[in-house]
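First up is the structure itself, then whatever we jot down about it.
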Amino acid sequence: MMAINGKSLGIMNSDESEALFSSAAGLNASGKSGEGPLADRMRPRSLDEVIGQDHIVGQGRLLRRSIQADRLSSVIFYGPPGTGKTSLARVIANTTKAYFESLNAVLTGIKDIREAIDKADERRRLYGRRTILFVDEVHRWNKAQQDALLPWVENGTVILIGATTENPFFEVNRALVSRSRIFQLKALDDKALYQVAEATLQDKERGYGRWKVEFEEGALEHLVEVASGDARSLLNALELAVETSEWEDNPPPNLPRKGGGTTGNNNSPPLAGGAGGGVGWPPTDGTTIYISLKAAEESIQRRAVLYDRDGDYHFDTISAFIKSVRGSDPDAALYWLAKMVRAGEDPAFIFRRMIILASEDVGLADPHALEVVIACAQSFDRIGFPEGNFPLAHACLYLATAPKSNSALAFFDALAEVDKEDAEVPNHLRDGSRDAEGFGHGEGYVYPHAYRDHWAAQQYLPTALKGKTFYTPSIVGYEGKIREEFFRKRELQAAVVLGDDTGAGAYVGAGLKPAPTYADGEILTWSASSKGKEGWFKRLESGRSSLLLQDRDAIINAAPPERHSRVLLPMCNDGLLLWECLRKCPEGLIAGTVDSEDAKDALLRLAQVLDVIDQPEIQVVGVGFKPTPTTATTAFSTDAFDRIYLREPWRHSKNPPEDMVAFAKEALGMLAPDGALVLLQSPPALGMRLSRILIEENLCSASLASSLEEAEKEFFAGDADPRLGWGKEALEAAFSGFSLSITEMAQSEERLLREKDLAGWFDKEKSPWGAAISAKLGDKAFNTVQNALQDRVKEGPITWRWTSLLFRAKLFTFKFQ
């Protein structure tokens, strides 16, 4: 229940509410100024007297029309203190024909709600009269209390007017909010506050219009400034200033005079400030009351910061702080930090938010930001306030001025991918310490520390997510420094994973290559956890990575593109050439063909870091290597290209010479005038020979090694198999309509082989190489060679050598530099 003027009130009808409002306003029966507080006396009585809320009660506004037409539906008034929420309820009480009842949520409970509802229901059934129920501070009711009101609002028994300083979308029952219209009242600006003061000083019934109130320069301005948008605060201060300040002309008799003594006539000196209050108030009509700046300053203190640690102001202020730091505005960040500190916010909470921000919004742009904030937090714990303000400000300013990156949000993209597809761990990444023998877990894993740069390209994502990217470094701060190296490694990794690269110079058809591991994207066949090989953690030349870069640079440098060049990359599944061409031709076009939709999707996923206009055009051509007029030249933005680059286009071809001729014909129609075609190919005829290992490392008798060398030379001559014996002559014949340049490139890498590789090569039934060599050497010599190589691979890596052909073609008008 609520006590006002000695009366206990809980529920009021319209007549009682009118009496209450009159009493609270301090008006006597004749309507003259009584003893009530000025803020209550000056509450608006009609819509025209409402100041500062024109956005909701101005001419033509919905709320104004609803009140004037007495067609109000349930509403909730939301805004800071002193903005007029209760005043609007008074205006509605004064204008509506509906029965008006009022509850204060702080003082009433479910019993009071039920009594009000019962009366409203009876009133509606018996008399057809509506009931408006005003609930002040409605957010103070708990969920059960709010739920008790819900059905009666829903069926129209009562029309709710709720008033709250808290965000109703968080603090009021969602169902209740959904059945009400929310009106947000705003803090009054200075102009509105001056209007409130002026209305008060002119109103002869409720305000100070009966006297002449004068202000020293800056006094009224001070009252308005410190009120900070709160009309009640302004009126309370104005009341204190006016009723305790000096007056003259007709001061009450027998009061202390300024300078001592008492006043006995109208010619006495003015009274001392404050002497006019109490027994002397009010002075006679027409008296001049002088408000000095000092009196104004004493009448209103700096208002306590409007800040509720569990309410909107808490969340709004911390939000403003975070956004200011994120926006690199140290001035605003310091202001909002100071507001939180002044309001008594827990420093641990502020530091917690700054620690989060150091990772979320600064991140790897400045990896030291997290260290600085944590160090400041620990410093604060040691010294506390007031000196603790220094580490608070230190952390705030460091974060506000640090370079920003939100790349850590990539984690949530990965989280979404996990929710979408729970992919299996690739076999080579599984724990090999428990079941390597039974299931082969961990087999094929590449130990990065075994390489010069402590890095080797291999697949780490599940197979289903090949090409998927989450993280993209920003261009600022520390991330800007690592960006280039990061993308270089990502591109090399993609070239291995997407391109199924299993070893240059290997002959696929014959089986002379490491055992197929490309399905899982591994580029080496060494398992660090394999039994008996734990000692091989020495650093090796990162052969495959450097070879990929070497191939890429050799191809592009053979006929460098210009910034505006149009480049076609047939069969670019691995993307190795794609990314470098995108960098070199920012104003041109990069187009590529792939052999599957999966390959296309993978490349486009990797390209998502680019603007749409900068992304490559990718088309699927099906199984094969060459584009066709219907799938390439007519599918891109152009049908003429300045450069065509290829890497190992005939590695999987069943008849390379024949495919070369077909591709050469296509290239004639795809190259623009002065265009160039460059390809790098490693013919099997110029590939690695196992006999070379036997000879160089003296693994068997010279005669056996020589016999194996002759047998391999005969096998790779390939008279019976078009995949084997072709070389430079076949390229020259296929591109006879071009001006040609062919260069031989000697290449090598350190390769770790598995026994499984040897078993595949020496399988006389499944391996064409094994069948041919066994027939030539005989079973005994064949087995001797196999045993010698098996002993050798246990000792460590082998130098693998081959020769590639760098081929440049142009129309006869082209002159190579």
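Out of region 64-86, which residues are under 12 Å from residue 161 (Cβ atoms), in a helix (DSSP H, G or I) and over 39 Å from the mean Cα position of the chain (by Cα)? Of everything in region 64-86, those that are under 12 Å from residue 161 (Cβ atoms), in a helix (DSSP H, G or I) and over 39 Å from the mean Cα position of the chain (by Cα) turn out to be 66, 67, 86. Going residue by residue through region 325-347, is there one that turns out to be over 26 Å from residue 374 (Cα atoms), at pLDDT below 85, out of contact with any Phe, Trp or Tyr (no Cβ under 7 Å at 6 or more places or on another chain) and not hydrophobic (A, V, I, L, M, F, W, C)? No, region 325-347 has no match at all. Looking at region 553-574, which of its residues are closer than 21 Å to residue 744 by Cβ, touching a helix residue (DSSP H, G or I) at 6+ places or on another chain (Cβ under 9 Å) and open to solvent by less than 30 Å² (accessible area, probe 1.4 Å)? Scanning region 553-574 gives 555, 556.
Exactly one residue out of 405, 359, 379 is of a type in the set (Ser, Thr, Tyr) and either open to solvent by less than 40 Å² (accessible area, probe 1.4 Å) or part of a loop (DSSP other than H, G, I, E, B) (or both): that is 405. For region 647-680, the tally of residues that are in contact with a Pro (Cβ under 7 Å, 6 or more places away or on another chain) and among the polar types (S, T, N, Q) stands at 1.
Just one of the listed residues (744, 732) is assigned to a helix (DSSP H, G or I) and within 30 Å of residue 671 (Cα to Cα), namely 732. Checked against (1) farther than 27 Å from residue 70 by Cβ; (2) surrounded by 21 or more Cβ atoms within 10 Å (Cβ to Cβ), residue 159 passes all but a single condition, namely (1).
Yes/no matrix, rows are residues, columns are (1) open to solvent by 60 Å² or more (accessible area, probe 1.4 Å); (2) over 54 Å from the mean Cα position of the chain (by Cα); (3) closer than 21 Å to residue 653 by Cα; (4) of a type in the set (Phe, Trp, Tyr):
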| residue | (1), (2), (3), (4) |
| --- | --- |
| 754 | no, no, no, no |
| 758 | no, no, no, no |
| 765 | yes, yes, no, no |
| 778 | no, yes, no, no |
| 793 | no, no, no, no |
| 797 | no, no, no, no |
| 805 | no, no, yes, no |
| 809 | no, no, yes, no |
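Checked against (1) open to solvent by less than 60 Å² (accessible area, probe 1.4 Å); (2) closer than 19 Å to residue 689 by Cβ; (3) among the polar types (S, T, N, Q), residue 739 passes all but a single condition, namely (2). From the list 760, 796, the lone residue that is modelled with pLDDT under 90 and part of a loop (DSSP other than H, G, I, E, B) is 796.
Can you work out which of the residues in region 317-343 that are more than 23 Å from the chain's Cα centre (by Cα) and either closer than 14 Å to residue 398 by Cβ or acidic (Asp, Glu) (or both) is surrounded by the most Cβ atoms within 10 Å (Cβ to Cβ)? The selected residue is 337. Mind telling me which of the residues 736, 701, 741, 748 ends up being farther than 30 Å from residue 550 by Cβ and either touching an Asp or Glu at 6+ places or on another chain (Cβ under 7 Å) or among the polar types (S, T, N, Q) (or both)? Going through 736, 701, 741, 748 in turn, just one is farther than 30 Å from residue 550 by Cβ and either touching an Asp or Glu at 6+ places or on another chain (Cβ under 7 Å) or among the polar types (S, T, N, Q) (or both): 701.
Going by what's in this entry, would residue 51 be described as in contact with a Gly (Cβ under 7 Å, 6 or more places away or on another chain), at pLDDT 90 or above and either in a strand (DSSP E or B) or under 24 Å from residue 186 (Cα atoms) (or both)? Taking the combined requirement at face value, the residue does not satisfy it.
Residue count for region 583-608 satisfying the condition of being of a type in the set (A, V, I, L, M, F, W, C), closer than 23 Å to residue 561 by Cα and open to solvent by 10 Å² or more (accessible area, probe 1.4 Å): 3. Would you say residue 334 is farther than 29 Å from residue 481 by Cα and of a type in the set (A, V, I, L, M)? Criteria met by residue 334.
Considering region 688-708, the residues that are under 19 Å from residue 771 (Cα atoms) and in a loop (DSSP other than H, G, I, E, B) include one that is least open to solvent (accessible area, probe 1.4 Å), namely 688.
In the condition set (1) open to solvent by 70 Å² or more (accessible area, probe 1.4 Å); (2) out of contact with any helix residue (DSSP H, G or I) (no Cβ under 9 Å at 6 or more places or on another chain); (3) under 21 Å from residue 177 (Cβ atoms), residue 66 is compliant with all but (1).
The values are calculated or read from the model by the stated rules, or taken from the named source; none is laboratory data. All of these numbers come straight from a predicted model, not from anything done at the bench. For neighbour counting, all protein chains shown are included, and Cβ atoms are generated from backbone atoms with ideal geometry for every residue, glycine included. The protein model used for the area step is the full one, side chains on, heavy atoms only, and it has no ligands, DNA or RNA in it. Shrake-Rupley method; radii C 1.70, N 1.55, O 1.52, S 1.80 Å.
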